[in-house]
Structures are given as C-alpha cells and as structure tokens.
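The structure appears below as structure tokens.
Just so it is clear, none of the values below were taken in a lab; they were calculated from the coordinates. From a predicted model like this one, the values you see are computed outputs, not experimental measurements. For neighbour counting, all protein chains shown are included, and Cβ atoms are generated from backbone atoms with ideal geometry for every residue, glycine included.
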C-alpha cells in the first residue's frame, strides 16, 4: 500500500485522468486535483457540462462504492515556490480547480507570501468553490485577496464583464506579483499572458493551463494517403498504418494499442512522444515549449503524419 500511495503523491496544480465504463464504452477524461498535497486526500472538482459524457456521469450517476480507473498525477502547471514571493492567479470557470490546490498550498506553506485571485464566472451561483474561497479569505485575510469578475451579474465589490486586457492591467498595477498563474479557456489565457508580457512581466514568471481544447479542424493542406508509423512503447516496437487525415493517437487507440492519453485536446501532455524519423503536422499545442518542439516532442492526439515513414518513441520523453 505504501508504494501505491507514493505513486499518487502530487504537486499543487496537477491533474489525474479518470476512466469509467459509460453506456458500454470506456471514457477517459482529465480532472485537476483541488486538494493540497499535504492533505493526504486526492480530490478533484468536476463541474457538470451540458453534453459532457463524463461530467454528467460523475455528477448524476457515480456514487460511493463505484470503481474508477485513476491515473497517476501529471501536469506542469505546478506551484513549488515556498518562499516569500507573491502570486496572482487568473482563473475562469472550472479553471479554479487546480488553483484551489495552489492557493491552499501557498497560504499554508508559503511563509508570508501573498496570493491574489482574479476569478471570472457568469454569476455567483455558478461559481465553483465559492463558500470555500470565502472561508480561506476569512482565515488568511492579510495574505489572500479575491477579485470576482461576473459577466451576467452585478455585485458590489465585483467587476462586471470578463477577464480582459483592462482587468489584467488594473489588477497587476493595483496588486502586482512575482509570479502569475492562468487557467481558463485558451482565448482568456492568451489575452492574460500577452497583456502581462506587455506590462513587462517576464514569460518565465507566467504559468498557464487550459481546460478547454482549441478548434482542431483538419487544415486543407494535410494531404490524403497513408503513412507507416513505427511506435516504440514500453520497450516494444509496433508498426501501424495511419491515414494522414487522422491523428496518430486516434488510430493507435483504434488498433487497441495502450498508448498514454487523457484529454485528447492538446492541453494535458499525457500523450507526448518524440519523433525519431519523419515529420508531422501538429495542430493544437498548449503544453510543449518551443525548445521541446525543436527537440522532436509532439502531442500525438494533435499530430498527423506527413512523411511516408514516421518513427515515434513514447519511452524517450
């Protein structure tokens, strides 16, 4: 049991993949951990989404005693700074989930560090963790500040609208911070990060994660035909024919190959592999750095083979 427990040690901000059999099919999704690492509890927050197969199941069907497959913690959106530096968090909707773990960790272990949360939602009623955030505010009143931004509700003390350039400038100039964490839809993440850089914040001090995959319509320039993809996985080499208008991961899963994956939207990094030979077209990437891409790293859920032969390695990442 001890060794299993150690496999599920996590850092503030990480996520796990959950898998369940829903309507006879295996469904896997990524959900951020909202509990702090020292709590001895691994909790996730799942907000019900209209049409969301797993979120509907989790909120309406799943009950105590049911079994789920739970992957080990992953993710690069982590807080590990336990000095006196201050942090500012921009979160929208479900983007608060990993930040709950970060906020609790920073307040408990961050010495005299201050945390300011800028939190966007449509209304207070739709705001995840609202009561828990208010309790944290009461407990750490000198070190924890919250600015609510509501797009469909006017409330005293809150901003009306969305987290846009004006809000980002106002918050950074009013409160400032040493490091910035951003989690929301890609559009919001881009606005916040670009505005912060325009305000003189170093990109190395900005961390972000998306909870919503970007549009991945297949570009017309991706040609028809097939590629032979040679896959190294768990010290085995497998060869699969992949249509060039299909992403690599999709075909591997169709062929019952147990390739790593979670979100299938280019936002979680579970499906990273390294190109050893050949080329791919990668559509959506919200995880890999330019240096990692230059080193051959790809997200297989977003990568389409370009060359007749493609060799990728899941083990060398």
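Angle, helix 165-174 long axis vs. longest principal axis of the chain, Cα atoms, 0 to 90°, nearest 10?
The two axes meet at around 50 degrees.
Could you tell me how far the Cα centroid of the stretch 1-69 sits from the Cα centroid of the stretch 113-182, in Å?
Each part reduced to its Cα centre gives a spacing of 26 Å.
Can you give me the angle between helix 96-109 and the longest principal axis of the chain, using Cα atoms only, in degrees from 0 to 90, rounded to the nearest 10?
Between the helix axis and the principal axis of the chain, the angle is about 60 degrees.
Limiting things to C-alpha atoms, what are the Rg and the maximum Cα-Cα separation (Dmax) for the stretch 67-192, in angstroms?
Considering the stretch 67-192 through its Cα atoms, Rg and Dmax are 14.5, 48 Å.
Cα centroid distance between the stretch 71-106 and the stretch 242-315, in Å?
So the two Cα centres are separated by 27 Å.
When the distances between all Cα atoms of the stretch 226-313 are binned every 10 Å from zero, what whole-number percent does each bin get?
With 10 Å bins starting at 0, P(r) equals 19, 58, 23, 0.
Divide by every residue of the chain the summed helix terms, -39500 (n - 2.57) for each DSSP H run of at least 4, and state the resulting mean residue ellipticity at 222 nm, rounded to the nearest 500 deg cm²/dmol. If you can, show how the numbers build up before the last one.
Working: 8 runs with 73 residues, N = 317.
Value at 222 nm, helices only: -6500 deg cm²/dmol.
Order these by the 10 Å Cβ neighbour count, fewest first: 277, 292.
Values: 277 12, 292 16.
In order of increasing Cβ crowding within 10 Å: 277, 292.
Out of the DSSP beta bridges found with both residues in the chain, what percent are antiparallel (nearest 5)? Working shown, then result.
Details: 30 of 60 bridges.
So the antiparallel bridges amount to about 50 percent of the total.
Take the Cα atoms of the stretch 2-70, build their convex hull, and give its volume per residue in Å³. Spell out each step's value before the answer.
Details: hull volume 7.1 nm³, N = 69.
Spread over its residues, the Cα hull of the stretch 2-70 gives 103 Å³ apiece.
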